[in-house]
Every structure is written in C-alpha cells, then in structure tokens.
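Report on the structure given below.
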Amino acid sequence: MRSAGTGRAITALAALVTVCGCTAQAVDTDGKPRGPIHVDVTDTAPAAPPPATSTAPENTTKTPENTTKAPEKPTAPAPAPPPVLWSPGDSGRDVRELQARLRQIAWLFDGPTGTYDELTEQAVRGFQGKRGLPQTGTTDTVTWQRLLKMTREPGKWDLYLMGGQPADAPDARCLTGRVLCISKSSRTLRWMIDGRTVTTLPVRFGSANTPTREGVFQVYWKSRHHHSTLYDSPMPYAMFFSGGQAVHYSSDFAARGYAGSSHGCVNVRDEAAIAQLFGEVRNGDKVVVHW
C-alpha cells in the first residue's frame with residue numbers, strides 16, 4: 001500500500017513535467033521506474049475561429065455594358081469639281097488665248113488655231129499632270145488660274161501666230177473690180193470681187209531688209225510650179241505683181257508661222273486655199289498692198 005507521502009510525490013512530479021515539457025520516467029509505487037512518460041506540451045490554446053462567411057446570397061447580376069455607340073459624324077460631301085471653261089470641240093478667241101499661253105511654256109507647239117483640238121487636249125492634260133491636278137484634258141477654272149500665273153498676256157501676233165486673225169476693213173481701193181487686197185496690219189489677204197470678200201487668207205511679208213512693197217499693182221504673170229533662181233527655193237502657185245515679188249505658197253510659213261519672213265513676197269501657208277485662188281485669179285487683176 002502506497003503511503004500518502006508517495007502519492008504526493010508522484011503528483012508533484014507530474015506537475016513539474018507538465019510545466020517544463022520534460023520527458024519523465026514513471027515510478028512505480030515501490031520506487032522502481034516503469035518506463036518514460038511522454039507528455040504533449042503542444043499549445044493547447046483553442047485555435048482562432050475561421051473568418052465568418054456571409055450567408056447573404058452572392059450578387060451574380062452583372063451590370064450590363066454600355067453597348068450604345070456614339071453617333072457617327074456625317075461624312076462631308078465630296079467637293080464639286082471646278083467649272084469647265086473650255087473642252088474639246090470648242091472654238092473661239094478664248095481657246096486661241098489658251099493655246100497661245102500653252103505655247104509660252106512649251107506644252108503646245110502648233111497653232112494657235114482657235115479650235116480645241118486633240119493636240120490642245122493633250123497639252124492641257126500634260127500641264128495638269130505636271131502640277132498634280134486631275135488630268136481631264138478639259139480646261140477648268142483651277143487649271144486656267146494656274147496657267148495665268150505662269151504666263152503673260154499674249155499679244156495680237158501671239159494669238160495669230162499661224163494666221164487666222166480677223167481681217168481689217170478693206171482699203172477703199174479694193175472696193176471695185178477683182179482685187180487681191182493685202183493688209184500688213186492684220187496680216188491678211190482678201191480676194192474681193194466688186195466689194196464682196198470671196199476668200200480671206202493669213203499671209204506673211206518680207207523682213208525689214210527685204211520689205212514687201214506697198215501700193216497698187218497688177219498680176220502680170222502666174223507660175224504654178226515656180227522655183228526661185230535667186231534664192232534657190234520653191235514658190236508654188238506664184239502670182240507676180242511687182243518685179244520679183246509675188247503671192248505664193250510657203251512651206252516655211254506653214255511650218256514656222258510668223259517666226260520667219262519672206263524675201264519680199266506675200267507668203268500663204270494654206271496650200272489648198274492658194275491652189276484654189278490661183279485658179280480664180282487672172283492676169284491683169286488688181287493687187288493692193290496697204291497698212
């Protein structure tokens with residue numbers, strides 16, 4: 001039987017083990033060890049409670065996205081094309097000025113003719129393309145303004161470089177009979193019969209060193225296939241009126257216009273027209289050369 005003292009000793013030992021976390025051996029009542037006593041010294045404080053979870057139902061309703069698109073800005077209408085002033089097929093003095101200005105900047109080499117032909121259309125198209133304008137071949141207000149800024153106002157002879165200028169009023173000496181009425185101021189020849197103009201042709205005259213004589217003359221000789229021995233040049237459809245001076249066709253005039261001059265003769269550039277005139281004019285018909 002254990003004594004009261006022995007029980008108290010065992011109790012004290014157990015308390016010491018619990019406090020210090022030691023491993024002790026159990027002692028039997030008779031004082032003999034009975035094996036190790038394992039004491040769990042893990043903190044026995046209660047664990048913190050898990051965080052409270054709300055029992056309220058989760059709001060799964062999604063806020064609808066704003067799918068309304070901002071109104072698109074209206075597209076501005078394309079600008080209207082500039083007004084067209086002249087186009088292929090047109091004719092007149094304004095077309096002649098257009099051609100004269102195109103000649104100044106080497107876009108056109110023929111004319112001016114006063115007719116908006118294929119060559120004029122090609123020249124306008126080239127001018128437009130060089131300046132980044134729509135290549136329409138027609139002359140609109142934008143094209144015309146660009147051309148005006150790059151050229152000068154053409155003079156009378158620029159406009160009528162190849163002939164075709166308006167004829168002056170006929171000289172009083174031309175109003176009766178059959179007359180070749182030739183005006184130096186307008187560079188034209190009128191074929192007139194009794195005051196009526198039958199034909200008007202552009203003509204070219206002699207230079208300052210070889211001027212065409214002025215006055216009243218008569219046709220005294222006609223030579224259809226004439227060749228000048230003095231200048232070694234052809235003078236087809238020649239109608240002589242004063243010494244070696246004659247009205248005749250000139251291929252140089254046809255090619256160069258008023259950039260050249262004759263040796264005193266009256267040059268005609270339209271071969272078909274002078275061929276017809278040659279057939280109508282007679283020896284003895286009057287010739288009047290005037291300003």
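Please enumerate the residues belonging to the range 173-214 that are of a type outside the set (Val, Ile, Thr), under 17 Å from Val268 (Cβ atoms) and part of a strand (DSSP E or B).
Result: Leu180, Cys181, Ser183, Leu189, Arg190, Trp191, Met192, Leu201, Pro202, Arg204, Gly206.
Go through the range 106-118 and give me each residue that's under 18 Å from the mean Cα position of the chain (by Cα) and at pLDDT below 95.
Ala106, Leu108
Would you call Pro134 modelled with pLDDT of 95 or more, part of a loop (DSSP other than H, G, I, E, B) and on the phi < 0 side of the Ramachandran plot?
Criteria met by Pro134.
A quick yes/no check of all residues on (1) more than 30 Å from Ala100 (Cβ to Cβ); (2) among the polar types (S, T, N, Q); (3) surrounded by fewer than 21 Cβ atoms within 10 Å (Cβ to Cβ):
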{"residue": "Arg224", "(1), (2), (3)": "yes, no, yes"}
{"residue": "Ala254", "(1), (2), (3)": "no, no, yes"}
{"residue": "Tyr258", "(1), (2), (3)": "no, no, yes"}
{"residue": "Ile274", "(1), (2), (3)": "no, no, no"}
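Would you confirm whether or not the range 233-250 contains a residue that is in the same structural domain as Thr188 (by TED's automatic domain parsing), in contact (Cβ under 8 Å) with a residue 40 or more places away in the chain, part of a loop (DSSP other than H, G, I, E, B) and of a type in the set (S, T, N, Q)?
For the range 233-250, residues in the same structural domain as Thr188 (by TED's automatic domain parsing), in contact (Cβ under 8 Å) with a residue 40 or more places away in the chain, part of a loop (DSSP other than H, G, I, E, B) and of a type in the set (S, T, N, Q): present.
On the given criteria, is Gly279 among the small types (Gly, Ala, Ser), in a helix (DSSP H, G or I) and under 29 Å from Asp158 (Cα atoms)?
no
Could you say whether any residue in the range 185-197 is touching a residue at least 24 places away in the same chain (Cβ under 8 Å), closer than 17 Å to Trp291 by Cα, surrounded by fewer than 17 Cβ atoms within 10 Å (Cβ to Cβ) and not acidic (Asp, Glu)?
yes
Keeping to the range 261-291, report how many residues are among the β-branched types (Val, Ile, Thr) and over 45 Å from the mean Cα position of the chain (by Cα).
Adding up the residues that qualify gives 4.
Between a first residue in the range 70-91 that is charged (D, E, K, R) and a second residue that is at pLDDT 90 or above and surrounded by 10 or more Cβ atoms within 10 Å (Cβ to Cβ), which pairs have beta carbons less than 7 Å apart while being 6 or more apart in sequence or on different chains?
Note: pairs meeting the criteria are Asp90/Tyr116.
The values are calculated or read from the model by the stated rules, or taken from the named source; none is laboratory data. Keep in mind that what you see is a predicted model, and the values were worked out from it rather than measured. Note that we place each Cβ from the backbone using ideal geometry, even for glycine, and neighbour counts take in every protein chain shown.
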